[in-house]
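Novice: The structure that follows is given in the form of structure tokens.
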Amino acid sequence: MRMIALAAMMLAPDTAEALQGARTSSSADLARRAEALRPGEWVWAPDIAPAGPVVVYVDLSAQVATVYRNGVRIAVSTVSSGKPGHVTPTGVFTILQKDANHRSSKYNSAPMPFQQRLTWDGVALHAGGLPGYPESHGCVHLPFEFSKLLFGITSLGATVVIQGDAARHVRTSDQSLLAPFDAKGRPAAGAALDQRGFTWRPERALSGPLTIIVSKSDRRVVVLRNGIEIGRSVAEVADDDPGTHLVTLGTSPDGKPQWSYIGLPGHEREAGMPLDEATINRLRLPRPFYENVRAAAKPGSTILITMAPVGTSPGEPLTIMDAIFPAP
């Protein structure tokens with residue numbers, strides 16, 4: 001514990017105030033404080049949504065991480081992502097491993113307190129330096145106390161979405177969002193569609209978190225379980241909204257499963273709104289594929305709606321589902 005405390009003091013050498021945060025129980029106060037965060041600051045309001053699946057959204061353009069539980073925003077923190085030459089990859093990740101006392105195997109055993117691994121080649125959420133600009137080797141640095149609080153509410157398999165561009169401040173990439181991996185962590189080709197216009201192979205991953213990616217530009221839907229592609233389908237999307245939206249399957253006030261929007265930056269008004277029938281009808285899929293996806297969805301499943309493509313065309317590496325099973 002002494003080593004962790006010393007590491008925390010070294011994470012932001014400029015001022016002790018840079019590591020300070022605020023706790024609140026008010027949604028309005030959370031919103032007000034979130035708008036005024038300075039580098040190293042954070043706000044934490046877990047009582048707004050005391051239970052439900054956790055999703056972390058990292059906006060590289062704004063250098064901010066937002067935490068949602070049961071689709072409701074409960075925390076916001078400034079971050080520091082990868083510097084030039086070590087850019088943080090964008091995409092959809094799951095938490096593969098958690099280690100409160102982790103040390104880097106790549107960078108001289110550097111302390112990485114409250115590490116939550118996103119890829120096996122070194123990308124993680126953890127406490128680190130917060131100078132107000134990207135300066136990590138690819139990880140997402142968080143304030144020490146915030147990283148400890150976040151560590152306490154996440155579980156293996158929780159979804160982490162990373163989007164944006166720290167250098168050019170764009171929010172949607174023209175490159176492929178997915179570069180699938182097989183069960184041994186090796187690159188794997190995407191599944192080809194059959195004559196029915198879809199494929200469904202749930203036996204490729206029998207358990208784990210489900211992520212459904214709707215690409216409006218490719219007119220494709222890809223389903224991944226535990227990071228492994230188990231389904232892909234053609235789709236007609238009657239929606240020209242260029243924004244990114246995230247929907248999570250949580251529980252309604254009466255305890256029933258309910259798909260609800262997460263209010264991503266720029267779409268805060270969507271927070272908590274249910275995914276209604278009219279919106280679902282904008283997406284046309286082969287009926288058997290739809291029924292298979294519906295049956296596979298469990299609380300904690302997420303839907304990412306994006307203009308980014310889901311092909312496997314070459315380009316800047318943006319991967320981002322690590323398919324190796326989570327380990328304690």
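Read-outs: derived from the displayed coordinates by stated rules, not from any lab. Keep in mind that what you see is a predicted model, and the values were worked out from it rather than measured. Please note: Cβ atoms are built from the backbone with ideal geometry, for glycine as well, and neighbour counts cover all protein chains shown.
Novice: Report the gain in length on full extension from Gln97 to Lys83: 0.36 nm times residue separation, minus Cα-Cα distance, nm rounded to one decimal. If you can, show how the numbers build up before the last one.
Specialist: Working: separation 14, 0.36 × 14 = 5.04 nm, distance 2.36 nm.
Full extension from Gln97 to Lys83 adds 2.7 nm.
Novice: Let me ask something else. Using label points projected 7 Å from each Cα along Cα→Cβ, tell me how many nm separate Glu35 and Val234, to one decimal.
Specialist: In this crude label model, Glu35 to Val234 measures out at 4.7 nm.
Novice: Once fully extended, how much extra length lies between Glu291 and Ala28, figured as 0.36 nm per residue of separation less the alpha-carbon to alpha-carbon distance?
Specialist: On the way: separation 263, 0.36 × 263 = 94.68 nm, distance 3.92 nm.
Working it through step by step, the gained length comes to 90.8 nm.
Novice: State the volume of the convex hull built on the alpha-carbon positions of region 41-164, expressed per residue in Å³ and rounded to an integer. It would help to have the intermediate numbers written out before the result.
Specialist: Working: hull volume 11.5 nm³, N = 124.
Hull volume over Cα atoms, normalised by residue count, gives 93 Å³.
Novice: Now for a different question. Given region 230-286, report the % of alpha carbon pairs whose separation exceeds 14 Å. Please report the intermediate quantities before stating the final value.
Specialist: Numbers: 1028 of 1596 pairs.
Cα-Cα pairs in region 230-286 separated by more than 14 Å: 64 percent.
Novice: Here is a follow-up. So, in nm, how far is label Asp241 from label Arg284 when the simple model puts each one 7 Å beyond its Cα toward the Cβ?
Specialist: Calculated label separation equals 2.0 nm.
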